[in-house]
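Chemist: This is the structure I have questions about; it appears just below.
Read-outs: derived from the displayed coordinates by stated rules, not from any lab. Just so it is clear, the structure is predicted and the values come from calculations on it, not from any experiment. Glycine also receives a Cβ, built like all others from the backbone with ideal geometry; neighbour counts cover every protein chain displayed.
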Amino acid sequence: LENTKNENGKRIKELEMERERHLKRIATLENDYFEAKKSIQSLEEQRRFLHNEIQELKGNIRVFCRVRPVLQSEKEKSNGEDLTQHIVYPKDNDKGITLVQQTESAMGSASSKSYPFNFDKVFDGTSTQEKIFKEIAQLVQSALDGYNVCIFAYGQTGSGKTYTMEGGEDKITMGMIPRAVQQIFIASEDFKKKGWIYDIDCQFLEIYNETIRDLLENDETQKHEIKHLSHGRTIVTDAKIVKVKTSDEVYKLLQIASKNRSVGATLCNERSSRSHSIFTLHLLGHNELTDEKYESSLNLIDLAGSERLAVSGATGDRLKETRAINKSLSCLSDVIAALGNNEPHIPYRNSKLTYLLQNSLGGNSKTLMFVNISPLFANLQETLCSLRFATKVNSCQIGTAKKILKYNS
């Protein structure tokens, strides 16, 4: 019996010592966990800082020029003629493009005039959707980091704006909008490891004849107003906002919006978009480790086709549409010019388009414009107009973007 007591006492001491070892091990692991968490937080803060520094160095407003390829139907009508001989890409320079115009005097002497342009990037007709998205992927990332981001496509009807933004239905031809959506959801899932949880809302509007329409509802009787909230968010009253959890849910909404968008025929394009479409993802981010909370938006915009009235051949309703489009684009030009000149008053309210984009153009945003141009010599004058406008945008300084103020949960 005495031996049994001794053995039990010895066993109890061994168990107590083992318990102490386990407690010390748990304490060490807990300390390692908190140190690792602090390290992850520090690395995440450093990543966000460096990422934003790179984007700031590139400029808060950038311009990419994209030349669409010559269509097969255009090649068939050309009788072997080089339709793009007036476009020159400088060697070893992916930022330059030159238009060359051949003229002949009344006396028969030939001469040429060159119009050189430089942007942040120039893509020729062979550039793929994937290649182009790689250039804007880091900008899309900034939306998850708490910054407003605005990407829009500008250019004459038939220059490839809608293809750039929406693209085709397969993985190769899908455009910037579905690719951006895909990246947002992949990245937000990855960010869960760093403590970030995102609520994502989707909205799709169009501005048609200076009237806002909800492309997810298609109720033309509903009136909508633009309101800018004090913390930097823009809302449109009575517009449908859908909470989304997967990219597939967004793709279904994109299909609905595409069917509801206003289209009409002009001489420039048999099926021409006659409205500005504005796709927006609202992002509410909350880091459970640091309790940081950010609200931001990603705006992806396909502007209506720009063309002179004489070129469009518009009459009746088409004439009214073209005038409304040109007025809003002219207002956009005025806003860009006012920002570039650092004027005290910026005329955002002169059009629904510029008023809606006020927070995306006015300094607290990272903005990129695609200027889409036709490769055809027949469109040279329209191309010159587009590139000159894009040059104004590219020279504009809109200040340093700031993260959106913390929202109240």
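Chemist: Within segment 94-202, list the GluC sites (Glu not before Pro) lying in a DSSP loop whose Cβ has at most 12 other Cβ atoms in a 10 Å radius.
Modeler: For GluC sites (Glu not before Pro) across segment 94-202 that sit outside H, G, I, E and B with at most 12 neighbouring Cβ atoms in 10 Å, the list reads Glu169.
Chemist: Around Cys331, what is the net charge, scoring Lys/Arg as +1 and Asp/Glu as -1 over all other residues with Cβ under 15 Å from its Cβ?
Modeler: +2
Chemist: Residues with beta-carbon under 10 Å from that of Phe64, excluding Phe64: net charge, scoring Lys, Arg +1 and Asp, Glu -1?
Modeler: +2
Chemist: State the dimensionless ratio Rg/Rh of segment 184-225 (Rg: radius of gyration of Cα atoms; Rh: Kirkwood radius).
Modeler: 1.27
Chemist: Right, here's the next one. Ranked from highest to lowest mean number of other Cβ atoms within 10 Å per residue, what is the order of the peptides 170-177, 220-227?
Modeler: So the peptides 170-177, 220-227, ranked by packing, come out 170-177, 220-227.
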